[in-house]
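Worksheet: the structure to be examined is printed underneath.
The values are calculated or read from the model by the stated rules, or taken from the named source; none is laboratory data. Everything quoted here is computed from the prediction, not taken from an experiment. In this analysis, Cβ positions are derived from the backbone assuming ideal geometry, glycine residues included, and neighbour counts consider all displayed protein chains. Each accessible area value is taken on the protein alone, full model and side chains, heavy atoms only, with ligands, DNA and RNA left out. Shrake-Rupley method; radii C 1.70, N 1.55, O 1.52, S 1.80 Å.
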Amino acid sequence: MKLRLPATLLAAGVLAIGAAATSAAPYRSTISNDMGKCRSGAGPAVLVTVDGVKAAQGKVRVQSYNATAADWLKKGRWLNRIEAPARAGTMTFCVPVPSAGSYGIAVRHDLDGDGKTDISSDGGGMSNNPSINIFNLGKPSYTKTAFEVGSGVKSIRIQMRYM
């Protein structure tokens, strides 16, 4: 006995699968640091100036997140990631965002470039430069790091912190 599904039920299933794939698509995009996407008339994007990079060794990683409790600093829930060789002092990144809305940016300096966080040497920072202490374990609420991006380019500054 063959089971036959009505065409409308089959089509609905295909649409549901397509919708699920689309909703997952905006996460985990590793991109290059294309400053052209932050030129006048471009956007939506965030021009991130990172101050206080300790040394020209290792990598600096900048990640954008939706400013929601479900996404902020959650594993695999970043939108765009840019990694670049560290330069001591100030570095600038252009981070496109999918649309106007509320976002947060997290920056990490992996000093030895091993891909692992070493709390005694690696540095970090976040949008709005919230205080980081033992009580929030370096993960302040999304409400402290959130900022609005319109249809253009939003400029922010993040101060790196090291232990």
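Here are the numbers:
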{"read-out": "Per-selection Rg to Rh, segment 27-75 - Cα, Kirkwood hydrodynamic radius", "value": "0.99"}
{"read-out": "Percent accessible area from carbon and sulfur atoms, segment 38-103, protein chains only, probe 1.4 Å", "value": "49 percent"}
{"read-out": "Per residue accessible area in Å² of segment 50-163, where ligands, DNA and RNA are left out and the probe is 1.4 Å", "value": "50 Å²"}
{"read-out": "Net charge of neighbours whose Cβ lies under 14 Å from the Cβ of residue 28, counting Lys and Arg as +1 and Asp and Glu as -1", "value": "+3"}
{"read-out": "Charge sum, other residues only, whose C-beta stays under 11 Å from residue 48's C-beta, Lys/Arg counted +1 and Asp/Glu -1", "value": "+1"}
{"read-out": "Potential lengthening between residue 121 and residue 147 on full extension [0.36 nm per residue; Cα-Cα distance subtracted]", "value": "6.5 nm"}
{"read-out": "Straight-distance crosslink candidates among lysines, where the alpha carbon sits under 16 Å from residue 59 and sequence neighbours closer than 8 are dropped", "value": "116"}
{"read-out": "In Å², nearest 10: area of residue 116 left accessible to a 1.4 Å probe", "value": "140 Å²"}
{"read-out": "Gained length - residue 132 relative to residue 92, 0.36 nm times residue gap less alpha-carbon distance", "value": "12.2 nm"}
